[in-house]
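Working notes, structure below.
None of the figures in this text is laboratory data; all of them are computed from the coordinates on show. Computed from a predicted structure; not experimentally measured. Using ideal geometry, Cβ is built from the backbone for each residue, glycine included, and neighbour counts are taken over all protein chains shown.
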Amino acid sequence: MDTKLAIDGGSPVRSEAMPARSLIGEEEKAAAMKVFDESIASGNAFGYGGAHEQQYEKDFVDFMGGGFADAVNSGTNAVYCALGGLQLDALSEVIVPPITDPGGVMPVVMLGCVPIFADADPRSYNTSVEYIEPLITERTRAIVIAHIAGEPVDIDPIMELASKHDLYVVEDCAQAHGTKYKGRLVGTIGDIAAFSTMCGKHHCTGGQGGVVYSQNEKLHWQARRFADRGKPFNIENPTGNVVAGINCNLNDLSAAIGSVQLKKLPGIIERRHKVGEAVKEGLKARKAVSLGWQTPDSECVYWFLRVKLDTEAVSVDKKTFCAALVAEGMPVSESYRHIHCEMPWFKNKAVFGVNSGFPWNCSDYKGPKDPQFKIDNAIAVTDSHFNIAMHENYGQQEIDDILAAIEKVENAYLK
Ligand SMILES: Cc1ncc(COP(=O)(O)O)c(C=O)c1O
């Protein structure tokens, strides 16, 4: 192997692109065509909440091993409807993850509630109980946790804390379909869970989609009503729409694709897990690079690989190290700094218009108007880690190339 780094003009470890994901195939096409054929034959446009959506929800529940599912039109709206199902009063405080997609935080403010940012565990993009506990006030009503990168949060201690303070726990499983924590599927542990099924996730319902999942039937119906303009689902002798909500429904075409995808999901889970574990194992031979620390007793279904660089052990900064990996043909992104209390929308309180400052400025809100959150760990962990994109179609060659590229770059820069 050429030891001269590609960034310095050497030949790269890998010159061909990583394999395509090919998530959508002939089976999904056939399922979609069937929906069209049925529509054409009946003369009625396909809709939502029909046989295909009911089937997808049933398939999803089977995958989760029981419970209740409501298919919605995005992961963001799955978080929104999961929280909506909790029927929180406006101005309730909701503890949110330090590092996540905006769709995992913004639903809190869209419900007129106040997000309180927990710091990350210093070793992980995820939070943990010790960073949540000090944030609880008499205004706290719920905790949202996100299993980022397919790595589970250490959730049992959080459930214990929540039960002590009578708080709901919402699991954001957007990046963690099939991930297990102490042998249990994530999404089955908290009170209610949200999944994203957009095209980049472990399984998808086409371009966009999501699922609200719960084992609590009451919360399920509350979320389902909220997700469809307060329609009085499962209410005896209804007199009309019971709560205000918007239309977050999925549709039968997307659901038909989702059912096919759920058949593929177990294989996807197995392969993603294997690839991640192989890289984790291979990196044990490295001095400066390792897979990020994980909650003990986890079975990660990786959405990307979160990789730690010991910058003390190398002669370059993380940016240069990552640039060298990219030059070797690796799909590396240098930073996952999705810390939303740093974002302009949060700092400028640009939620209900750009001037109202609601919910923080509301006179009925007794918490801090300009909250400052301690996110030192979240910043440090995003500074010390980088991400490698991966998916279930990576095989031995891709694993070998990732390990070879890291070895080559590490050898070049090791102090
Ligand atoms: C943790 C997390 N929550 C919520 C979302 C929002 O999902 P969607 O993009 O389907 O709206 C995402 C999307 O990537 C996510 O990663």
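Suppose every K and R has +1 on its Cβ and every D and E has -1 on its Cβ; what is the size of the dipole of region 26-262 about the Cα centre, in Debye to the nearest 20?
Details: 16 positive and 30 negative charges, 58 e Å.
Dipole magnitude for region 26-262 comes out near 280 debye.
Quick check: the angle from helix 26-42's long axis to the longest principal axis of the chain, C-alpha only, nearest 10 degrees?
20 degrees
Whole-Hz Karplus ³J(HN,Hα) for region 399-407, in order, using 6.51 cos²θ - 1.76 cosθ + 1.60 and θ = phi - 60°, x for Gly and Pro?
Going residue by residue, I get 4, 4, 5, 4, 5, 5, 5, 5, 4 Hz, with x marking Gly and Pro.
Where does the charge balance sit around Glu93 when Lys and Arg score +1, Asp and Glu -1, over other residues with C-beta under 11 Å from its C-beta?
Details: positive: Arg139, Arg141, Lys366; negative: Asp89, Glu138.
In short, +1.
Using packing as a proxy for protection, rank 61-74, 86-99 so that the peptide with the highest average count of other Cβ atoms within 10 Å comes first.
86-99, 61-74
With a/c under 1.5 counting as rounded, go ahead and sort the chain into rounded, prolate or oblate using the C-alpha gyration tensor (a ≥ b ≥ c being the square roots of the eigenvalues; past the cut-off, prolate if a/b is larger than b/c, else oblate).
Values: a/c = 2.10, a/b = 1.29, b/c = 1.62.
The shape class here is oblate.
Starting from the amide H of Val351, placed 1.01 Å from N in the peptide plane, find each other amide H under 5 Å away whose residue is 5 or more places distant or on another chain.
When sequence neighbours closer than 5 places are left aside, the close amide H contacts are Gly357.
Using only the alpha-carbon atoms of region 1-136 as identical scatterers, what base-10 log of I(q)/I(0) does the Debye formula give at q = 0.10, 0.13, 0.14 Å⁻¹?
Result of the Debye calculation: -0.67, -0.89, -0.93.
Which cross-chain or sequence-distant (5 or more) residues have an amide H under 5 Å from the amide H of Val72, H modelled 1.01 Å from N in plane?
Gly210, Val211, Val212, Leu250
Which pairs break 20 Å Cα to Cα here: Lys29/Lys201; Lys308/Lys347; Lys274/Lys318; Lys58/Lys264; Lys180/Lys201?
On the way: Lys29/Lys201 18 Å; Lys308/Lys347 29 Å; Lys274/Lys318 27 Å; Lys58/Lys264 16 Å; Lys180/Lys201 17 Å.
Result: Lys308/Lys347; Lys274/Lys318 exceed 20 Å.
In square nanometres and to one decimal, what's the mean projected area of the convex hull around the Cα atoms of region 326-415?
The directionally averaged projection comes out at 9.6 nm².
If you plug each phi of region 203-216 into the Karplus form 6.51 cos²θ - 1.76 cosθ + 1.60 with θ = phi - 60°, what whole-Hz ³J(HN,Hα) values come out, in order, with x for Gly and Pro?
In residue order, the calculated couplings are 9, 10, 10, x, x, 9, x, x, 9, 9, 10, 7, 9, 9 Hz.
For region 138-196, calculate the relative contact order in percent as a whole number, restricting contacts to Cα pairs under 8 Å that are 6 or more residues apart.
Numbers: 101 pairs, mean separation 21.6, N = 59.
Computed value for region 138-196: 37 percent relative contact order.
Assign one of three labels to region 248-397, namely rounded, prolate or oblate, based on the Cα gyration tensor with a ≥ b ≥ c the square roots of its eigenvalues; rounded applies when a/c is under 1.5, prolate when it is not and a/b is larger than b/c, and oblate otherwise. If you can, show how the numbers build up before the last one.
Numbers: a/c = 2.45, a/b = 1.29, b/c = 1.90.
Since a/c reaches 1.5 but b/c is at least a/b, the shape of region 248-397 is classed as oblate.
Sequence gap at least 6, Cα distance under 8 Å: using those rules, report the relative contact order of the chain to the nearest whole percent. Kindly include the intermediate steps, with their values, before the conclusion.
On the way: 874 pairs, mean separation 92.1, N = 415.
Reported as a whole number, the value is 22 percent.
Take each of the peptides 6-14, 203-211, 384-392, average the number of other beta-carbon atoms within 10 Å over its residues, and list them starting from the highest.
Ranked by mean Cβ neighbours within 10 Å, highest first: 203-211, 384-392, 6-14.
Counting Lys and Arg as +1 and Asp and Glu as -1, what is the net charge of the other residues whose Cβ lies under 11 Å from the Cβ of Tyr48?
Here the count lands on -3.
Is there a quick way to get the dipole size of region 33-129? I mean about its Cα centre, with the Cβ of Lys and Arg at +1 and of Asp and Glu at -1; what is the value in debye to the nearest 20?
Details: 3 positive and 12 negative charges, 18 e Å.
Here the size comes out at about 80 debye.
Within 10 Å of each residue's Cβ, count the other Cβ atoms and sort His202, His165 from fewest upward. Please report the intermediate quantities before stating the final value.
Working: His202 27, His165 13.
Ordered from fewest to most neighbouring Cβ atoms within 10 Å, His202, His165 come out as His165, His202.
Considering only DSSP beta bridges with both partners in region 26-262, what is the antiparallel share in %, to the nearest 5?
Expressed as a percentage, antiparallel bridges in region 26-262 total about 45.
Work from the charge dipole of the chain (Cβ charges, +1 for Lys and Arg, -1 for Asp and Glu, about the Cα centre) and give the residue of Gly200, Leu309, Ile246 farthest towards its positive end.
In the chain, that residue is Ile246.
Using a ≥ b ≥ c from the Cα gyration tensor of region 134-202 (square roots of the eigenvalues), is it rounded, prolate or oblate, where a/c under 1.5 gives rounded and otherwise the larger of a/b and b/c decides, a/b for prolate?
Prolate.
Give me a comma-separated list of calculated 3J(HN,Hα) values for region 19-24, in order, Karplus coefficients 6.51, -1.76, 1.60 applied at θ = phi - 60°, integers in Hz, x for any Gly or Pro.
x, 5, 7, 6, 5, 9
Of the options Ser42, Ala78, Leu5, report the single residue whose Cα projects farthest towards the positive end of the charge dipole of region 1-87 (beta-carbon charges: Lys, Arg +1; Asp, Glu -1).
Sorting the options by dipole projection puts first Leu5.
Return one quarter of the surface area of the convex hull spanned by the alpha-carbon atoms of region 26-262, equal to its mean projected area, in nm².
Averaged projected hull area, Cα only: 13.3 nm².
Dipole of the chain, Cα-centred, from +1 at each Lys and Arg C-beta and -1 at each Asp and Glu C-beta, to the nearest 20 debye?
It works out to roughly 400 debye.
Amide H to amide H, which residues 5 or more places from Val169 or on other chains are under 5 Å from it, using H placed in the peptide plane?
Amide H neighbours of Val169, under 5 Å, 5+ apart: Ile143, Asp191, Ile192.
Provide the percentage of antiparallel DSSP beta bridges, counting only those with both residues in the chain; round to the nearest 5.
65 percent
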